[in-house]
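One structure is given below, encoded as structure tokens.
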Amino acid sequence: MTEQVYFFDTTLRDGEQTPGVSLQTPEKIQIAKALAQMGVQVIEAGFPAASPGDLEAVAAIAREVRGTTICGLSRSVISDIEKAEEALKEAERSRLHIFIATSDIHLKYKLKMTREEAIEQVKECLAFAKGKFDEIEFSAEDASRTDLDYLCQIFEVAIEGGASILNVPDTVGYMTPEEFGNKIKYIKDHVKGIDKAIISVHCHDDLGLANANSLAAIKNGARQVECTVNGLGERAGNAAVEEITMALTMRKDIYGVDAPLDTKQFTRVSKLVSKLTGVVVPPNKAIVGSNAFAHESGIHQHGMLNNPETYEIMTPESVGAEKTNIVLGKHSGRHAFEDHLERLGFTLEADKINTLFKAFKQLADRKKHIYDDDLMALVMDNLDRKQAVSLIHHHYKSDEIGFAYADVRLETPDGILEDAAVGDGPVDASIKAVQRVIDKPLHLQEYRMRAITEGKDALGEATVKVECNGRLYHGRGISTDIVTSSVNAYINAVNSIYLTEALELKK
Ligand code: KIV
Ligand code: ZN
């Protein structure tokens, strides 16, 4: 039987460390359910000791998501392990992911510890964690820059302490594929007791080599790969689940292992994550970018018409990227609506479906054809996010030379407030009006608008990046009116600012 690679998805932990991304619990639950449906064996749901909000989100995922292992990150600190235990107590299967930095540079400048002290700390923490989780994964942070014999030594300590998964992170994305593959082989050949454990890898993309390094590790014996949807993650991001899986699937002749994920869900899950995080997928991104199956040149189009294999090594269908169909219209009933939500991977409570159905009917009055993408946008707009700020009223007018006036009324933590502004066009005037209400130093850094589906009645999706006190926040909004989408996106980013500040106050 062919060996399989285990997929450990860290979209909700390392992915959430993407600058500007901050997800709320209902959004995390939707992503976790989609990941479980896609077949990932382990979901790293968060870092429970990071904040009460993180603990609450991990606990909710542990309670609600079935059919996969739920994992919580922990430093090698007793109080972190206690928080992880509390968060994971209702998981069907729980995993503690405990880490300590092992490279000399991290030991000296970050932990201010000797190599021996780090080993003692790992021993103590693993003894404390034993029996509290179904399984334990140990990570040597910055493993790729760690002295290889010391790395083997600390891995032996971890195995003796009860860890059954040993993770080798290329924390700073410094490795090249051959070099990283050789390290994995060395670990496999030299660590005592390694045959009882699974070797895992966790690669960052600072040199654009995260996928290549992960694949080289698999070729040399790693059997768990840590990755994220769309390659999200700290700095340049992590290895991308969709790219690793398709490389293993398309080139099984090279890697010789099974990647047991439902690849047909990749496009849907990629869109879900992109919409909820506000991080736009570049059109030329492999597998899930909007151009991944587009053919521009005449010569290519001619070849494709004669035989798609001339220019496509995999089909769009294999990753769920076939063209969307008209799914519903204003005469569709509640049953058809609910069926479509389920097909899109949303399992929701009856009262939530009722609310969405009302929103769907309102949309169908304005928009003749409702596509899958419209439905996804509708669900995401109606998740139960905590809102510090909400729009009560918005009005704008503009003249033909672009001069515009807008006024807004907002519900804010300081009560109901309103203001007005003028600007270059209605979007500019509306955003300025919101800025005048919110008492924070807000700077719009990036603004994008795109039509979610085709036709002049299409929903417009605005995404923004707003800078506040040196940090970036993403926002997203939809409407058939692009000025309203823009204001919604801006307010969505403002809500992330309030949420982040509230969580930081609780820390
Ligand atoms: O990049 C890294 O080293 C990590 C560890 C916590 C595994 O994210
Ligand atoms: Zn990482």
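By the Kirkwood approach, averaging reciprocal distances over each pair of separate Cα atoms, region 334-378 gets a hydrodynamic radius of 10.6 Å. Taken over region 87-230, the ratio of Cα radius of gyration to 2.2 N^0.38 Å equals 1.00.
Here the accessible area of the chain is 50 percent carbon and sulfur, with a 1.4 angstrom probe and all protein chains present. Highest mean packing comes first when the peptides 384-392, 200-208, 309-317 are listed by Cβ atoms within 10 Å, giving 200-208, 384-392, 309-317. For Thr2 and Arg343, the difference between the fully extended length at 0.36 nm per residue and the C-alpha to C-alpha distance is 119.7 nm.
Taking θ as phi - 60° and the Karplus parameters 6.51, -1.76 and 1.60, the scalar couplings of region 59-70 work out to 5, 5, 5, 4, 6, 9, 9, 10, x, 7, 8, 9 Hz in sequence order, x denoting glycine and proline. In this structure, the amide hydrogen of Tyr371, modeled 1.01 Å from its nitrogen in the peptide plane, lies closer than 5 angstrom to those of Val327, counting only residues at least 5 positions away or on a different chain. Solvent-accessible surface of the chain, averaged per residue with a 1.4 angstrom probe and all protein chains in place: 44 square angstrom.
Calculated FRET efficiency, Glu160 and Gln362, Cβ-Cβ r, R0 60 Å, to nearest 0.05? Write down the numbers at each step before the final one.
Numbers: r = 61 Å, r/R0 = 1.02.
Computed FRET efficiency for Glu160 and Gln362 comes out at 0.45.
Across the alpha-carbon set of region 3-277, the Rg to Rh ratio works out to 0.94, Rh being the Kirkwood radius.
Principal axis analysis of the Cα atoms in region 171-263 yields extents of 36, 29, 21 Å, listed in decreasing size.
Which value in deg cm²/dmol, rounded to the nearest 500, describes the helix-derived mean residue ellipticity at 222 nm for the chain, given -39,500 (n - 2.57) per DSSP H run of n ≥ 4 and division by the residue count?
On the way: 16 runs with 199 residues, N = 507.
Counting only the DSSP helices, I get -12500 deg cm²/dmol.
Shape descriptor for region 114-173: Rg over Rh equals 0.97 (Cα atoms; Rh from the Kirkwood inverse mean 1/r).
Across region 172-182, computed HN-Hα scalar couplings (Karplus, 6.51 cos²θ - 1.76 cosθ + 1.60, θ = phi - 60°) run 9, x, 9, 6, 10, x, 5, 4, 5, x, 5 Hz from first to last residue, x flagging Gly and Pro. Note on Arg448: accessible area is roughly 110 Å² with a 1.4 Å probe, heavy atoms of protein only. Max-minus-min Cα coordinates of region 283-440 on each principal axis give 61, 45, 30 Å, with the largest extent listed first. Taking 19 Å as the cut-off, the amide N atoms of region 381-395 that come nearer than this to a point 7 Å along the Cα-to-beta-carbon line of Leu417 belong to 387-395. From most to least packed by mean Cβ count within 10 Å, the peptides 35-42, 171-178, 115-122 give 35-42, 171-178, 115-122. Hey, any idea what Rg/Rh is for the chain, computing Rh the Kirkwood way over Cα pairs? Reported Rg/Rh (Cα atoms, Kirkwood Rh): 0.99.
Which peptide among 372-383, 267-278, 103-114, 244-255 comes first, and what is the full order, when sorted by highest mean count of other Cβ atoms within 10 Å?
Highest to lowest by the protection proxy: 267-278, 372-383, 244-255, 103-114.
When Lys264, Lys440 are compared by accessible area at a 1.4 angstrom probe, the order from most to least is Lys264, Lys440.
The values are calculated or read from the model by the stated rules, or taken from the named source; none is laboratory data. Predicted model, so just to flag it, every value in this text is computed and none were measured. Note that we place each Cβ from the backbone using ideal geometry, even for glycine, and neighbour counts take in every protein chain shown. Each accessible area value is taken on the protein alone, full model and side chains, heavy atoms only, with ligands, DNA and RNA left out. Shrake-Rupley method; radii C 1.70, N 1.55, O 1.52, S 1.80 Å.
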